[in-house]
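None of the figures in this text is laboratory data; all of them are computed from the coordinates on show. Just so we're clear, the structure is a prediction, and the values are computed from it rather than from any experiment. Ideal geometry is used to build each Cβ from the backbone, glycine not excepted, and the neighbour counts take in all protein chains shown.
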Amino acid sequence: MGSEQTARRFDDGPIGVFDSGVGGLTVLKAFHAELSGEKFIYLGDTARLPYGTKSNETVARYALQASETLAGYGIKALVVACNTASAASLPSIRERLSGIPVIGVIEPGAEVACRLTRTGHIGVIATEATVRGGAYQDAIQRRRPDAMVSVRPAQLFVALAEEGLHEGPIAQAVARHYLESLFHPPAAVTKAGEVTGGSEKASAPDTLVLGCTHFPMLVTAIRAVVGHAVRIVDSAATTAKTVRETLGTAGLSSSTGRSAVRFLATDGPERFARVGSRFLGQTLSPSDVELIDL
């Protein structure tokens with residue numbers, strides 16, 4: 001077989017996407033808008049979620065297993081649609097899957113945040129593991145050494161998104177719990193009763209990165225707390241643009257125009273379909289989800 005035929009078959013392969021569960025479907029939804037005509041295969045490691053509370057070593061092991069499984073389906077590129085897995089495992093995945101572009105969700109989000117911020121103060125909300133690993137702090141400060149990065153773990157947002165409680169009084173109360181002190185800090189008061197430190201808004205971030213693929217589901221509740229002046233970075237949309245550019249540069253953009261998605265899960269096709277329908281914005285049936293073992 002000639003090299004031209006080989007290249008054609010490869011660029012018509014699917015893009016592999018994986019996450020610990022259904023959160024990465026927000027990334028897949030963004031791909032539908034940005035990468036029409038591409039085929040996708042999505043793997044949710046639902047038997048072992050959440051990744052966000054596990055050690056980096058465990059997350060890296062799980063992520064590598066998921067990546068190797070998707071590579072067996074003939075993917076032309078891999079998207080690690082999980083902030084926690086991106087932080088813990090990208091170098092090892094790239095080493096193991098040499099020759100296949102591997103894109104995470106942290107670097108695109110950091111890039112956009114650095115471009116949007118006016119004051120240099122960037123807030124990041126993420127899972128415990130992503131915050132603990134410091135990946136966003138590193139990615140932002142590599143691009144903008146003078147940046148001030150304020151991070152907050154917001155683990156309850158994951159459960160709210162999966163339970164369908166992403167809007168309304170419960171979501172807003174949890175958003176205030178995590179974000180009120182960061183975006184509306186109390187002014188300092190001297191012994192003489194004078195307010196110091198300038199306005200409280202000057203010390204708050206002007207840009208907020210949603211550092212978990214579940215968090216875009218809660219953007220309405222988050223916006224109600226941080227206000228309309230704060231720029232919110234959704235890493236799903238920024239990652240979609242990065243994938244499109246990566247495929248174009250590598251000559252791997254689809255030449256068929258036939259769009260399709262295959263869904264894989266390691267447990268609970270019924271729950272995957274029920275919860276995933278909200279994240280993807282379209283109805284999924286349990287019969288749409290193939291059960292696999294890693």
Within the chain, what percent of beta bridges assigned by DSSP are antiparallel, to the nearest 5?
5 percent
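Could you order the peptides 56-68, 101-113, 129-141, 279-291 from most to least packed, using the average number of other C-beta atoms within 10 Å per residue? Before the final figure, lay out each step's value.
Values: 56-68: 19.5, 101-113: 23.9, 129-141: 21.1, 279-291: 15.2.
For the peptides 56-68, 101-113, 129-141, 279-291, the packing ranking is 101-113, 129-141, 56-68, 279-291.
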Residue among GLY23, GLY13, GLY72 with the largest mean-square fluctuation in a Gaussian network model of the chain, springs linking Cα atoms under 10 Å:
GLY72
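In debye to the nearest 20, how big a dipole does the chain give about its Cα centre with +1 on each Lys and Arg Cβ and -1 on each Asp and Glu Cβ?
Working: 29 positive and 29 negative charges, 87 e Å.
The dipole magnitude comes to about 420 debye.
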Under 5 Å between amide hydrogens, which residues at least 5 positions from VAL151 or on another chain qualify, with H placed 1.01 Å from N in the peptide plane?
VAL124
Can you put ASP267, ASP19 in order, fewest other beta carbons within 10 Å first?
ASP267, ASP19
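How much length, in nm to one decimal, is gained on full extension between ASP293 and SER181, taken as 0.36 nm per residue of separation minus their Cα-Cα distance? Working shown, then result.
On the way: separation 112, 0.36 × 112 = 40.32 nm, distance 4.30 nm.
Contour length minus Cα-Cα distance gives 36.0 nm.
What is the range 68-145's relative contact order, in percent, from Cα pairs under 8 angstrom and six or more apart in sequence? Mind dumping the intermediate values first?
Details: 68 pairs, mean separation 24.6, N = 78.
In percent, rounded to a whole number, it is 32.
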Gain in length, HIS32 to GLN172, computed as 0.36 nm per residue apart minus the alpha-carbon separation, to one decimal in nm?
47.5 nm
To the nearest 0.05, the calculated FRET efficiency linking ARG96 and GLU270 through their beta-carbon distance, R0 being 25 Å, is 0.20
From the Cα gyration tensor of the range 29-144, with a ≥ b ≥ c the square roots of its eigenvalues, which class applies: rounded if a/c is under 1.5, or else prolate if a/b is larger than b/c, or else oblate?
oblate
Pick the calculated Kirkwood radius over Cα pairs in Å for this structure from [x] 19.8; [y] 19.3; [z] 20.6?
[x]
